[in-house]
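Undergrad: Questions regarding the structure given below will be posed in turn.
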Amino acid sequence: MEAFSSIVMKPHCLFFLLWLSHLFAHIYGEYHYHEFVVQESPVKRLCKAHNRIFVNGQFPGPTLEVTDGDTLEVKVTNKAIYNVTIHWHGVRQFRTAWADGPEFVTQCPIRPGESYTYRFTVLGQIGTLWWHAHSSWLRATVYGALIIHPKGDYPFKKPDREIPILLGEWWDRNPIDVVRNATRFGAAPDTSDAFTINGQPGDFYNCSSKDTTVFPVKSGETNLLRFINAALNTELFVAIAKHKMTVVGADASYDKPFETSVLMLGPGQTTDVLVTFDKNKGSYYLAAQAYSSAQGVPFDNTTTTAIIDYDTETTKWGKNSKSPAFPKLPAFNDTPTATKFAESFRSLETVKLPEPVNENLFFTVGLGLFNCQPGQKCGGPNGTRFTASINNVSFLLPSNFSILQAHYHRIPGVFTTDFPAVPPVQFDYTAQNVSRSLWQPVPGTKVYKLKYGSVVQVVLQGTSIFAAESHPIHLHGNDFYILGQGFGNFNPHKDTKKFNLVDPPLRNTVTVPVNGWAVIRWVADNPGAWLMHCHLDVHITWGLAMVFSVEDGIGELETLEPPPNDLPLC
């Protein structure tokens, strides 16, 4: 298939665009045009031939590279049999919420045979982000890297090369069938059959060794590795045999450098590391496996690998090659290692935190069970159906309009504005035996309204209802400061004293520890409708999500742009 990932200039507007680029390049950055064709393509993994949904026939999809201040225009044409949208994960989307992408939140889906053009400017962000489908479970195979370069120099020595490394998750079955079957019965979906690195499972899976991803490096060079966890449902530990990594950034923000032998990324998170390749010539495994925080819950316990290959002309398939060295990975349930890694992040510079706080919110996040209703088929524990919620509200997507359309045009009946600021019932959130009366949330399409410019602080409190586990919580359209994380029930009198108010890290996805809490703060300076959800797709499928509705401010620069003419219809 012809790939459309390179920059394309339409002939009839070539001279006009060249003129514009000369006029505005130094002020507004460069303009990049891409075309994404979403369609089924043949692929073979784990000994089996499949047809899967890819972008431009590539898996992972095209890597997009821009410089801070550049404008992207991406025409997405849907030639698949499913509805699709594309989310530009971590992009602030100032005033361009129509380009954010979550299905029925900021747009109606792109139907089969139709197209939609996403237009937005990347501003004030540098590092590694990514893009992915935000419709059902299509992001299992529809994703790619979005690299944002600085206008000037890095705050560290320029690396010899930069390497995007996308961690993924693979099912032998069609992922859409997996989630549809689970949803039909209210059951937990099947776990994945493999993890992948840049689309390949690696040496420890059947029929995979010959296609293992290989990263050639030269002795003595220092490379910037851009890690992206694109897995659907699994947090991942990552390590490189006999090599240390120096973390320099995450979620397109610079951090104070720190050295580590292992990374832990939740789905949606990115981490930039410098690695100096100063070991003996040969091959070394880069490996990733699950961090599974929930006790007794099934998970994919396999290990994906790629190979770091030093200056060797003979690869592992040659007669004289040796088996690559293997890294030491933590145990699957090693919460202390995951916690130590998360707590190591600090912003590169001293932060002037926004204050005073106008909105002090307390959100419980966790699982639950719906009782089986007459006529339903229920595959959850003891004849129930799995669900999840924030503040006891299990989020339902609308279907006739997107939430953003209803917000902008003031269409009644699409959502309500009564999302609770605190849990409707206070209880011992992390107790071992939470009362069964609290296990069943209320379904609804509820949003929380914010005035433009509000300083928002949210305590994200994990619960132990049914099963306690860590939750990677992602906020669309905003970055936030992580003030603190801890275990047990959040205690405002004791835990606020532990907050990092000097150099808290800036992120778009925060891990709420198993049976613990996290506190985040940001300014609501971006008008629109912004989804907050767990980035374990099984949990958002069950309803672990909500929406912030941010009002317009004063004047054009504080006002949501009008919807584009080609916005898909429901």
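Undergrad: What percent does the relative contact order of the stretch 157-314 come to when contacts are Cα pairs within less than 8 Å and at least six residues apart? Intermediate values should be presented prior to the final figure.
TA: Values: 366 pairs, mean separation 44.3, N = 158.
Answer for the stretch 157-314 is 28 percent.
Undergrad: Based on the mean of other beta carbon atoms within 10 Å per residue, what is the order of 59-65, 262-268, most packed first?
TA: On the way: 59-65: 20.9, 262-268: 24.6.
Taking the mean over residues of other Cβ atoms within 10 Å, the ranking is 262-268, 59-65.
Undergrad: Could you tell me the largest-minus-smallest coordinate of the C-alpha atoms of the stretch 135-287 on each of the three principal axes, in descending order and whole angstroms?
TA: Each principal axis gives a Cα extent; for the stretch 135-287 these are 53, 35, 23 Å.
Undergrad: Now a separate question. So which DSSP H runs in the chain come out at 18 Å plus along the axis (Cα) with average Kyte-Doolittle of at least -1.0?
TA: Working: long enough: 14-28 (20 Å, 1.62).
Long hydrophobic helices here: 14-28.
Undergrad: Let me ask you something else. For F487, what accessible surface area do you get with a 1.4 Å probe? Give it in Å², rounded to 10.
TA: Approximately 100 Å² for this residue.
Undergrad: Follow-up. Highest mean first, what order results for 375-387, 219-231, 401-413 on Cβ atoms within 10 Å?
TA: On the way: 375-387: 16.2, 219-231: 21.2, 401-413: 18.5.
Answer by packing, highest mean first, reads 219-231, 401-413, 375-387.
Undergrad: So, one more: Once you place label points 7 Å from the Cα toward the Cβ at F499 and K158, how far apart are they in nm?
TA: Computed distance between label sites F499 and K158 equals 4.1 nm.
Undergrad: Okay, moving on. Among C534, C47, what's the order by accessible area (1.4 angstrom probe), most exposed first?
TA: Details: C534 0, C47 55 Å².
If we order C534, C47 from most to least accessible, we get C47, C534.
Undergrad: In the stretch 406-444, whose amide N lies under 14 Å from the spot 7 Å out along Cα-to-Cβ of Q373? List them in ranges.
TA: Residues 441-444 fall inside that zone.
Undergrad: Give me the percent of the accessible area of the stretch 452-500 that comes from carbon and sulfur atoms, probe 1.4 Å, all protein chains in place.
TA: Values: 790 of 1550 Å².
The nonpolar share, carbon plus sulfur, comes to 51 percent.
Undergrad: Right, another one. Over the chain, what is the percentage of antiparallel beta bridges among all DSSP beta bridges, to the nearest 5?
TA: On the way: 101 of 141 bridges.
That works out to approximately 70 percent antiparallel.
Undergrad: Additional query: Considering only protein heavy atoms, what per residue accessible area in square angstrom results for the chain with a 1.4 angstrom probe? Please report the intermediate quantities before stating the final value.
TA: Numbers: 23530 Å² over 570 residues.
For the chain, the solvent-accessible area averages 41 Å² per residue.
Undergrad: Moving on to the next point. 7 Å from Cα along Cα→Cβ at both T417 and K328: what's the point-to-point distance in nm?
TA: Taking the two extended label points, one gets 5.7 nm.
Undergrad: Normalising by the residue count of the chain, find the relative contact order in percent from Cα pairs under 8 Å and 6+ residues apart. Display every interim value, and only then the final one.
TA: Values: 1535 pairs, mean separation 80.2, N = 570.
That works out to 14 percent.
Undergrad: Continuing with the same structure: With an 8 Å cut-off on Cα pairs and a minimum separation of 6 or more residues, tell me the relative contact order of the stretch 98-176 in percent. Could you put the intermediate results ahead of the total?
TA: Details: 62 pairs, mean separation 19.8, N = 79.
Averaging sequence separation for qualifying contacts and normalising by length gives 25 percent for the stretch 98-176.
Undergrad: Ok, one more. Cα centroids of the stretch 90-169 and the stretch 420-494: how far apart, whole angstrom?
TA: The stretch 90-169 and the stretch 420-494 have Cα centres separated by 26 Å.
Undergrad: Antiparallel as a % of all DSSP beta bridges within the stretch 144-237, to the nearest 5?
TA: Numbers: 5 of 12 bridges.
So the antiparallel bridges in the stretch 144-237 amount to around 40 percent.
Undergrad: Shifting gears a bit: At a 1.4 Å probe, what is the % contribution of carbon and sulfur to the accessible area of the stretch 244-299?
TA: Details: 870 of 1900 Å².
C and S atoms contribute 46 percent here.
Undergrad: Under 30 Å from the Cα of K279, which lysines turn up, not counting those fewer than eight places away in the same chain?
TA: In chain and number order, the partners are K157, K158, K210, K218, K242, K244, K256, K316, K319, K322, K328, K340.
Undergrad: While we're here: Between K151 and N565, what is 0.36 nm times their sequence separation minus the Cα-Cα distance? Round to one decimal in nm. Present the calculation step by step, with values, prior to reporting the outcome.
TA: Numbers: separation 414, 0.36 × 414 = 149.04 nm, distance 3.21 nm.
Residue separation times 0.36 nm, minus the Cα-Cα distance, leaves 145.8 nm.
Undergrad: On to the next question. What value, in deg cm²/dmol to 500, does the helix sum -39500 (n - 2.57) over DSSP H runs of n ≥ 4 give at 222 nm once divided by the residues of the chain?
TA: -2500 deg cm²/dmol
Undergrad: Mind checking which lysines have their C-alpha under 29 Å from K446, skipping anything on the same chain fewer than 8 residues away?
TA: The qualifying lysines are K377.
Undergrad: Suppose R0 equals 35 Å; then what is the FRET efficiency for R410 and K340 from their Cβ-Cβ distance, rounded to the nearest 0.05? Numbers along the way, then the final one.
TA: Values: r = 48 Å, r/R0 = 1.38.
So, using R0 = 35 Å, E works out to roughly 0.15.
Undergrad: Please report the accessible area of K79 (heavy atoms, 1.4 Å probe, ligands and nucleic acids excluded) in Å², nearest 10.
TA: 130
The values are calculated or read from the model by the stated rules, or taken from the named source; none is laboratory data. Only a predicted model underlies this, so the values are computations on that prediction, with no experimental measurement involved. Cβ atoms come from the backbone with ideal geometry, glycine included; neighbour counts cover every protein chain shown. Just the protein is used for accessible areas: all its heavy atoms, side chains included, with ligands, DNA and RNA removed. Shrake-Rupley method; radii C 1.70, N 1.55, O 1.52, S 1.80 Å.
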